[in-house]
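One structure is given here, and the rest of the page talks about it.
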Amino acid sequence: MNQQIVSNSIPSPEKDFQEGIDWVTSLFLFLTPMFGLAGLFYYLSQGGIPFLSWMSFAFFVFATGTGITVGYHRLFSHKSYEASFPVKLWLLFFGAATFQASAIEWCEDHRVHHKFVDTDKDPYSIKKGFWYAHMAWLLQKRKYTQHNVQDLVADPWIKFQHDYYLPIAIFAGFIFPGLLHMIWGSFWEGVLISGALRIAVVHQSTFFINSLCHTFGEQPFGEEQTARNSWWIAILTFGEGYHNFHHEFQADYRNGIRWYDYDPSKWIIRFLSFIGLTRNLRKVSEEKILQKSLFLKEKYTILNYQKSNMVLAKEWLEALPKLRSQVMEAKAKFLSLQDEYNQHKSNLKKDDKLTWKKRIEQSKEGFQLSLQSWSENLQSPRTLVV
Ligand SMILES: [Zn+2]
Ligand SMILES: [Zn+2]
């Protein structure tokens, strides 16, 4: 992982969180929802908000929200894919419009979060409380040293966004929506609805990733750190709710790995790759993900048995890894058959295709059976009577 190489190779200095209140950020966080709501009620009382204005609001919520998730997070922080120049510019522009700092500062915090998650050095550690992780951490002044973002500083466009962050953010976040609304309505309606109100909404959505995603949900990929997977938080966060997977496999461009997992950020990156605007999408292999989840399920189930004072039979304990490797072998066989078929299917005749599909189906069933027998064995431990 590039990101790990970068953050491990340069020593991370201690951060000073004790410099007092960051009044500018604090006031901004307080005033944007106030102005946004005041604008909302004012325009509603003046005969309502036109449909086009709501469309614009929705566009800015989505474009700037994914500016953070697709851009600041998955592209700049984790380098989970490569983006073409126009995509990079779009993400830098709409990322700035969220008023969440420059990509360089945002990524510095985020890379420290991954490296030191749940410790004192984690800038938004959930161990300091839900509200601290949600937004209270932003009220304190922080020092930025760029120690772990030198790869981003070296990119002239990311550096440009950092150097001219404030004028870019003001233009992209307030003036641009204002000008857009002038086509059918008023400049100030754009500033207040697609500007202030939208910034407040997207702020909360991003903040949920640091608070809700470390509090509610499942931990199928590890309980060593607090990150959790939750489908309903994914809906609120443009797909970032599968945070347990993300902390375990941070270089993967996906957060929700199943096709039906709600992860619009993943779908955007994938769609852009189809039209040639993103490339080299990094993905952890299915086998690696399965191996990790089986291993952890086994580990936590055994720990739970031991916690309830069960003395587990040695043969039973020894049988588990064997059954697990059978599951892995069956999975590998199924995946390689599927790959082989995909490579050759254009040259196959109709009958041959049917035979191949049958073979694939059989190997899938074999995998499911081995998984079932591993699971049944795990759920029915043999114990020693003492
Ligand atoms: Zn996290
Ligand atoms: Zn991350």
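General observations
- Peptides ranked, highest mean first, by Cβ atoms within 10 Å: ranges 371-377, 225-231: 225-231, 371-377
- Dividing the mean sequence gap of close Cα pairs (under 8 Å, 6+ apart) by how many residues the range 77-132 holds gives a relative contact order of 20 percent.
- Per-pair calculated FRET efficiency, R0 = 35 Å: Thr119 and Trp157 via Cβ, rounded to 0.05: 0.60
- With contacts taken as Cα pairs under 8 Å at a separation of at least 6 residues, the range 199-295 carries a relative contact order of 20 percent.
- Relative packing of 137-150, 313-326, 90-103, which averages over residues the other C-beta atoms within 10 Å, highest first: 90-103, 137-150, 313-326
- Distance between modelled label sites at Val24 and Trp259, nm, 7 Å Cα→Cβ extension: 4.9
- Here the label points at Thr383 and Glu361, each 7 Å from Cα along the C-beta direction, are separated by 4.3 nm in the simple model.
- Available extension along the chain between Gln291 and Trp131 is 54.1 nm, counting 0.36 nm per residue and deducting the alpha carbon span.
- Charging the Cβ of each Asp and Glu at -1 and of each Lys and Arg at +1, and nothing else, the dipole of the range 286-379 about its Cα centre rounds to 200 debye.
- Global geometry of the range 134-218, whether rounded, prolate or oblate, following the gyration tensor of its Cα atoms and the 1.5 cut on a/c: oblate
- Classification of the range 208-327 by its C-alpha gyration tensor yields an oblate form. The axis ratio a/c (a ≥ b ≥ c) is 1.5 or more, and b/c is at least a/b.
- Placing unit charges on each Cβ (+1 for Lys and Arg, -1 for Asp and Glu) gives the chain a dipole about its Cα centre, and among Pro33, Trp267, Ser194 the Cα reaching farthest toward its positive end belongs to Trp267.
- With contacts taken as Cα pairs under 8 Å at a separation of at least 6 residues, the chain carries a relative contact order of 17 percent.
- Charged-residue dipole, Cβ positions (Lys, Arg, Asp, Glu), the range 2-279 about Cα centre, Debye nearest 20: 380
- In the chain, the longest principal axis of the Cα atoms and the axis of helix 314-344 are about 70 degrees apart.
- For the range 286-379: rounded, prolate or oblate by the Cα gyration tensor [a/c cutoff 1.5]: prolate
- For Leu312, the residues whose amide H sits under 5 Å from its own are Leu384, ignoring neighbours fewer than 5 places away on the same chain, with H placed 1.01 Å from N.
- Between the listed residues Tyr165, Asn244, Ser53, the Cα displaced farthest toward the positive end of the dipole of the chain, a dipole computed from Cβ unit charges relative to the Cα centre, is found at Asn244.
- Helix 286-307 vs. the chain, principal-axis angle (Cα, 0 to 90°, nearest 10): 80
- Along its first, second and third principal axes, ordered by size, the chain spans 71, 60, 46 Å in Cα coordinates.
- Gain on full stretching of the segment that runs from Met310 to Gln372 - 0.36 nm per residue minus C-alpha separation: 20.0 nm
Just so you know, all these numbers are worked out from the coordinates, no wet-lab data involved. These figures come from a predicted structure and were not determined experimentally. In this analysis, Cβ positions are derived from the backbone assuming ideal geometry, glycine residues included, and neighbour counts consider all displayed protein chains.
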